[in-house]
Structure formats: structure tokens, C-alpha cells
Amino acid sequence: MALEHALLVSLTERASSGYDLAQRFDKSIGFFWHATHQQIYRVLKRMDEQGWVIAETVPQDGRPDKKVYTVSEAGREELIRWIGEPTELEPMRNELGVKLRAASLGDVSALMAEVKRHRDQHEHRLDLYRTFEKKDYPAPDQLSGKKLHQYLVLRGGIRVEEGIVDWCDEVLDALKRDTKGTRR
């Protein structure tokens, strides 16, 4: 997926300035597709040049004018084309997993602390996702259309975070048993 597609999806949900889009991106799609604010501005410019978005200049009192972007018909056609094409399975990259494979060569207690740190961060994100779920989707069985689709993405994030927290717990338990067994 190109960043263009993530931005088009976000803009179909709400017209936005580059700044507003970057702020929203950090709180929604940004959980699944990372981009810096500078990347977002560069890609918006390119999307405007391709005709995928329409930029309307909005004057502001005491501040520079801002551009508010909406998706053009060409942008909607690109989204339809992109949604219909196959998605490749992305290779998993997990530096912590590589470190774990080499644990016997290093300080296992330091690695355990790192696994715990990762576990805590993923548990924090899981709690955040569950808060979104309770607040924004109190009756998921009644959802349809755009709200259902957003909910399903959130559920995917919840399931991933649950899996990572469970895996970290499994790793920590196994490493604790292993370090006790090697001290004998």
C-alpha cells in the first residue's frame, strides 16, 4: 500500500487540511500505517498534482491560509482500483524475535527486561484500542457500512495486540524457567 491510499481513505471520511489530516492520522490509520507529518504533506502535494484530491484554499484570520483537501472523482476511482487488487502478504519484521533467537549469546536478564518493556507497551496500546471499542462501538452487532469497516480494523488491532501480549508472557515464563534450570 502506498501512503496515497491511506490518505485517500482518511479523506473519504472527512475533508481535511494537511495539518488536520496528520493529527487524525496519528490517532487512527497511523496505528496501522506510519507516516511523518512531512511525508503526509509531500504526498498530498503529489496527489493534488495527480488529480486525486482537490485543494480548496481557506483564508484564516491572523494565520496563513490553509488548504482543505477532498477526494476527487479520479481519487475515488483510484481507491476502487486499489481496493480490488490483491494484497501481498507482508513479511514480518520483528527485531525482538531476532534478539530472542540469539539470547544464549547475551544477557538473558536484559533481554527479559526488554521483552517486559515491549509487553507493557503493547498492553497499553491494547487498553487504548479497547477504550476506543467501548466508546465508539458499544453495539458492534448493529454496525453496517463505514462504521462496521472501521470497527473490523479496530478488532484486527485488538487481536494483534492480544497475541503479542500473550506471546511476551509466554516468552517471559519460558525464559524464567530456563534461567532457573541453568543455575542448577
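Only Lys, Arg, Asp and Glu count, each charged at its Cβ (+1, +1, -1, -1), so figure out the dipole size of the chain about its Cα centre, rounded to 20 debye.
Value, rounded to 20: 640 debye.
Run a plain Debye calculation on the stretch 13-66 (Cα atoms as equal point scatterers, no solvent) and give log10 I(q)/I(0) at q = 0.29 Å⁻¹, rounded to two decimals, same order as the q list.
For the stretch 13-66, the Cα-only Debye profile gives -1.24.
Could you point to the residue in 138, 70, 172 farthest towards the positive end of the chain's charge dipole, with +1 and -1 charges on the Cβ of Lys/Arg and Asp/Glu respectively?
Sorting the options by dipole projection puts first 172.
Please compute the net charge surrounding residue 172, taking Lys and Arg as +1 and Asp and Glu as -1 over other residues with Cβ under 12 Å from its Cβ.
Result for the local shell: -2.
What number do you get for the chain when its Cα radius of gyration is normalised by 2.2 N^0.38 Å, N = residues?
On the way: Rg = 21.4 Å, N = 184, 2.2 N^0.38 = 16.0 Å.
Normalised Rg, Cα atoms only: 1.34.
Quickly estimate the mean residue ellipticity at 222 nm for the chain, helices only: each DSSP H run with n ≥ 4 gives -39500 (n - 2.57), and the total goes over all residues, rounded to 500.
Theoretical 222 nm ellipticity from helices: -22000 deg cm²/dmol.
By its C-alpha gyration tensor, with a ≥ b ≥ c as the square roots of the eigenvalues, how is the stretch 18-113 shaped: rounded for a/c under 1.5, else prolate for a/b larger than b/c, else oblate?
oblate
Could you compute how much accessible surface residue 167 exposes when probed at 1.4 Å, giving the result in Å² to the nearest 10?
We get 90 Å² for residue 167.
Contour minus end-to-end for residue 141 and residue 15, with contour as 0.36 nm per residue of separation and end-to-end as the Cα-Cα distance? Don't skip to the end; give the middle numbers.
Working: separation 126, 0.36 × 126 = 45.36 nm, distance 2.83 nm.
Full extension from residue 141 to residue 15 adds 42.5 nm.
Please report the Cα spread of the stretch 88-173 along all three principal axes, rounded to whole Å, starting with the longest.
For the stretch 88-173, the Cα spread along each principal axis is 52, 30, 15 Å.
The values are calculated or read from the model by the stated rules, or taken from the named source; none is laboratory data. Fair warning: this is a prediction, and the values are worked out from it, not measured in the lab. For neighbour counting, all protein chains shown are included, and Cβ atoms are generated from backbone atoms with ideal geometry for every residue, glycine included. All accessible areas refer to the heavy atoms of the entire protein, side chains included, with ligands and DNA or RNA removed. Shrake-Rupley method; radii C 1.70, N 1.55, O 1.52, S 1.80 Å.
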